[in-house]
Structure formats: C-alpha cells, structure tokens
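Each remark here refers to the structure printed beneath this line.
The values are calculated or read from the model by the stated rules, or taken from the named source; none is laboratory data. These numbers were taken from a predicted model, which means no experiment stands behind them. The accessibility values were calculated without ligands, DNA or RNA, using every heavy atom of the protein model including side chains. Shrake-Rupley method; radii C 1.70, N 1.55, O 1.52, S 1.80 Å.
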Amino acid sequence: VSETSVSEAPAAQRIHAAIIIGAGYGGLGAGAQLTRRGIDDFIILERANDIGGVWRDNTYPGAACDTQAIVYCYTFFPHLNVGRMFAGGAELVEYLRALVARFDLQRRIALNTEVDGAEWIEELLAWRVTTASGEQHFSRVLIPAWGHLGVPSVPAVPGLESFTGTAFHSAVWDHTVDLTGKQVVSIGAAASAVQYVPHVAEQAEKLTVLQRSANYILPRNQKIFSEAEREEFREDPETFETLRREIHEMREAGFARVRHATGEQAIGVAEARAHLEAQVSDPELRQKLTPDYEFGCKRILRSDDYYPAVSRSNVDLVTEAISHVTEDAVVTIDGVEHAADVIIFGTGFRSQAFQGKTRIIGRNGVDLADRWGDAPQAYLGITVDGFPNMFLVYGPNTNLNHNSVVTMMEIQQEFIAETTTRIVSVDPIVFDAQPSVVSAYDDHVQNELEKSAYSSDCSSWYKNAAGRVVNNWYGTVEEYRRTVESARPEDFGLAPDPAMSVSS
Ligand SMILES: Cc1cc2nc3c(=O)[nH]c(=O)nc-3n(C[C@H](O)[C@H](O)[C@H](O)COP(=O)(O)OP(=O)(O)OC[C@H]3O[C@@H](n4cnc5c(N)ncnc54)[C@H](O)[C@@H]3O)c2cc1C
Ligand SMILES: NC(=O)c1ccc[n+]([C@@H]2O[C@H](COP(=O)([O-])OP(=O)(O)OC[C@H]3O[C@@H](n4cnc5c(N)ncnc54)[C@H](OP(=O)(O)O)[C@@H]3O)[C@@H](O)[C@H]2O)c1
C-alpha cells in the first residue's frame, strides 16, 4: 500500500467518480465492488498509517472476531486461507491485504490522509473533499465508510489526571507496558474486556475488574482449520460456500433471540446460565456475573476463558461503582482503594458520533452533524436527504448483534456500486433521497425496533442518551437485503431515467 498514491493523482480539479473515506472492511469492500463493476476512477482516503480499521487499531491481547470467519468475509472474495473460525485481528488484516492485492486497490489508497470535511458543490454536481493537510479532491460520489467503533471513549473519572501510573484504552493498547507482576485495574467488562482479561490475569500480580453490568456470555468453541481443510476450500470453493450458507442460516435463525419474550430468547438465557454455572462454582461470584436485563439488549458475548479468568485467586470482580482515582488507585464508592500501577479502559467507543469531527456539508450549507444531532438516520442506512450522491457504508441502523456486519456491508456496497455506475455512466445524475421517504423509513425502523431487545432497559452503545436505537438494524440480514433491493427510483429527488433500477 502506497503512502503517496494520491499525490500522484491528476490535478485536484479533476472530478473522480468516487471518493471513499476509510480503509476498513467497509471502504475496501466498496472499492473492490466499484472495481468489479469497471469503475476505476476512485480514491480511498485513510487517516491512519495502514489499512484495516478496527482490526488494525484493536491489538489488545486476545482481540478476535466472535462472528465466524466463514461469514465475516465478502462473498466475492471468500477467506479461503482461513486459520481460525473466530479469527484474530491480525488474520483479518491479512485478509484485507489480500483483498487489496486481488482488486489492485494499493494505487488508490492514500494513507495518513485524514478527511477534514466534504462539501457538495451544486454548480459542479460534485463533492469537494478537503484533507487535514489542505489538499482538495473532487468526486461525483462520496462514500463515507468511517465505521461505528473508531473513536475510543474514556469516561471522565474524577481524579484521573492525578494518576501517576499508566492508563490506556483497549483500542490503543500500550504494548510497551509489561504487565508482569503489576497491579492492574480494568474499567469495563464487556466485549473487549472479556477477551483481554484472561491474558492480563495470567501476567498481572493482581487484576481488579470493575464491572458496571454483567453480560450474557455463550460458549465460543474455537475451531482451528487444518492445512488439509484449507486446501479443500481452495481446491473446491463450493465447500466453503456451503459452510457459509449453513452458518449464515444458523445465525439468521438466532435473530429471534433478540426479540422480546420469544422461546428462542428463553433458550439463549438458559444457554448463558448453563455456561456460567458450568464454569463458575462460587455462588457469590455467579450472582455478580448474572445479568439483570433482557437477553440481547447488549451484545451477546462468546468466551470460553473469561469465567475461569475471573475465578482466579489473583482476580477480583468488583461491582461497586467508581468514585474517583488517586495517584495510585481506583477508589469505589464503598471507600475501597483498588491499587493500580496500570488502568485499562475497556469502556467502548463514541459509537453515535459516526462522522467524528469530519464536517460534511450538504445542500444549502446544511451540516450533517446538525442534520443528525444525537439521532442519526439514513434511508436504508445508506442515504440522507440533502446530501446528494453520498452513500454510507455501515451507516445508522445497520449494525447487528446476531450475524456478520460484513454481509450487511456487502449489500450496501452492491447498492452503492450499482448506483455509482448510473451516476457516472451518463450525464451526471443526482440521487437525493426524498425527505418524506427518509422520515417514513426512519419511523418504520424505530417502530420495528420497539419489538427488539435492543430497545429495552440497559446501557448499550446501540442507543443514544434518550434511548433511541441509533446503531442497530431491526431485523435479519435477509430482511435488510429485501429492503435495500426494493428501493425505487422515485424514492430519490432527481431520477432522470424512469426505467432505472437502483437495486442490483
Ligand atoms: C474489537 C472489535 C470487534 C468486533 N467484532 C465484530 C464481530 O465479531 N462481528 C461483527 O460483525 N462486527 C464486529 N465488530 C464491528 C466492526 O466495527 C465491523 O464488523 C467492521 O469491521 C467495521 O468496518 P468499517 O470499515 O465500517 O469501520 P472501521 O473498521 O472502523 O474502519 C473505518 C476506517 O475509516 C477511517 N476513518 C475514519 N474517519 C476518517 C476520516 N475523517 N478520514 C480518513 N479516514 C477516516 C478509520 O481510520 C478506519 O480505518 C467489531 C468491532 C470491534 C471494535
Ligand atoms: N468480536 C468481539 O468479540 C468483540 C470484541 C470487542 C468489541 N466488539 C465490538 O465492539 C463493541 C464495543 O465493545 P467494548 O467492550 O469495547 O465496549 P462496550 O460494549 O461499549 O462496553 C464498555 C464497557 O465499559 C463499561 N463502562 C463504560 N463506561 C463506564 C463507566 N463510566 N464506569 C464504569 N464502567 C463503564 C460498560 O459498562 P455497562 O455495560 O454498564 O455500560 C461496559 O462494561 C462490542 O459491542 C462489539 O460490537 C466485539
């Protein structure tokens, strides 16, 4: 991947077919899909010094995907070299490197290139994209693929500034810190923490896990693929696709677990309880680890080593709330001081700030941050009225709990690549979703979400402060596919060709 490819690009005023923001699964998959459709005039701008998105950033010990790798890859580029069913971050970055090579994306990617902002220029029917170094690039289509989980969240704990030890967030793990023999405090006990806690527990002299809410945890059952199995995938990719279909269908069936009061939800609770009871014998610890909210309200976790880790004699699971931090301890409201050489924040991400500080200005000078406020919405999770020819990958209300986000992104990328083909193949067309279509869609999504556990009473990154589910899709992946494929030209403001189909 070149660090200078865009500086070799033609003059800034040239209008590219598309500009993609971000080189994670979303942006790279979008680039591959454009390439597959013969669109080769696009660039991918990435603020970091490498590709990979969350899998580049989250290098904490044990970081892995808990969606099966067989479905956490694109159908047009199956992960035939798969090493583990629940692949580690490094393996997923390698998959993305192979995708970049396969679709010749290196020359299109500019690393260390943060997009500061983008503005729709009506006279040009184009987006003007400005980078942090002041470069400008123009494109017909803007494809933000900035993810949901790229901005770490560190709570403002009183006294933190007085702490003299080392503190870091799980997504920016400080690998220079040797945890051997140290007193470590983990704030947070969810998806990231259940993966790093078993590793930290083995190294630290003492590990205190501060848990605000317990989680439902199911067995993971890792599978490591043998060279013979990989060879079979490579020689006969249909065996891989058969497995993909089986896992996809199994996970789709699992969606019923995140709907209120279904039989499947009760089975999920029973499986999580059985896992807890099998792994934790101490009744007091079991009690602390038992969730007090609806199954599926937060992400359902998978781990085989977290419960054994918190059962170790050098690990304390503390459920009292945090009061403050001193120079060498985290103090809970019961007055107990938990000694700390190192504090690890496993406290998640600012997940509703999709665009972060990137300013996106649409028609009539409207700023996307103002348009969205704390309730981002988009038609199909892809387009926002007043932001013409802008198509989001993994936009609002497209995250999942039950299946692979990559499958959702592929559906979006197909729509985007098809629509981009339309936009650039004749005189420029402007796709701008009808405001009434966007608001009717959003009402429908929010109504459907009322039936789901995501909307029930628990703290989760799926919801904003007012309790509105901003991040998650309400149904199965196949329901989403049908919804996107049924989008019609008349849903958009300027559809010049009535015969045009916007779905693939
Ligand atoms: C630790 C972890 C585990 C996860 N596990 C699963 C799982 O098991 N199953 C699942 O389905 N999903 C999982 N997810 C969700 C994951 O976010 C998605 O699956 C997917 O990888 C998101 O890809 P993305 O490209 O949309 O976003 P990201 O991976 O966040 O990539 C966005 C990219 O955009 C770049 N960027 C952002 N803003 C700018 C800007 N202004 N200018 C330039 N570049 C910019 C970022 O640097 C980043 O590289 C997990 C997430 C995390 C954090
Ligand atoms: N594939 C995987 O296995 C995997 C691994 C890591 C991440 N992920 C993805 O990334 C998402 C984020 O995971 P995450 O674990 O990093 O973040 P998270 O799910 O948002 O969890 C944050 C944790 O920090 C706690 N917390 C937050 N603020 C706190 C405060 N002020 N005081 C005390 N505790 C506080 C939360 O408690 P409460 O629960 O009480 O809010 C929770 O335990 C996941 O849901 C998942 O989608 C997936």
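Just a few scattered comments:
- Using a probe of 1.4 Å on the protein chains alone, the accessible area found for Asp427 is around 130 Å².
- Angle between the chain longest axis and helix 89-102 axis [Cα atoms, degrees, rounded to 10]: 20 degrees
- Exposure rank, largest accessible area first [Ile267, Ile109, Ile361; 1.4 Å]: Ile267, Ile361, Ile109
- Sulfur and carbon atoms: percent of accessible area, the chain [1.4 Å]: 49 percent
- Per-residue ellipticity at 222 nm computed for the chain from its helices equals -9000 deg cm²/dmol, with DSSP H segments shorter than 4 residues left out and the rest contributing -39,500 (n - 2.57).
- Among beta bridges identified by DSSP and lying wholly in the chain, the antiparallel ones come to about 40 percent.
- Note, ³J(HN,Hα) from phi for the stretch 183-199, Karplus 6.51, -1.76, 1.60, rounded to Hz, x at Gly and Pro: 8, 10, 10, 9, 9, x, 8, 10, 3, 5, 4, 5, 7, 8, 3, x, 6
- A straight chain from Arg468 to Phe76 at 0.36 nm per residue would run longer than the Cα-Cα distance by 137.7 nm.
- Global form of the stretch 366-416, assessed from the alpha-carbon gyration tensor, a/c cut-off 1.5: oblate
- The stretch 76-115 pair-distance distribution - Cα-Cα, 5 Å bins, rounded %: 6, 20, 25, 20, 16, 9, 4
- Restraint check, Lys288/Lys451; Lys298/Lys357; Lys182/Lys288; Lys223/Lys451; Lys223/Lys298; Lys206/Lys288, Cα-Cα greater than 31 Å: Lys223/Lys451
- Residues in the chain average 40 Å² of solvent-accessible surface per residue, probe 1.4 Å, ligands and nucleic acids excluded.
- Across all directions, the shadow cast by the convex hull of the chain built on its C-alpha atoms averages 24.0 square nanometres.
- Note on the stretch 181-283: the alpha carbon radius of gyration divided by the globular reference 2.2 N^0.38 Å gives 1.46.
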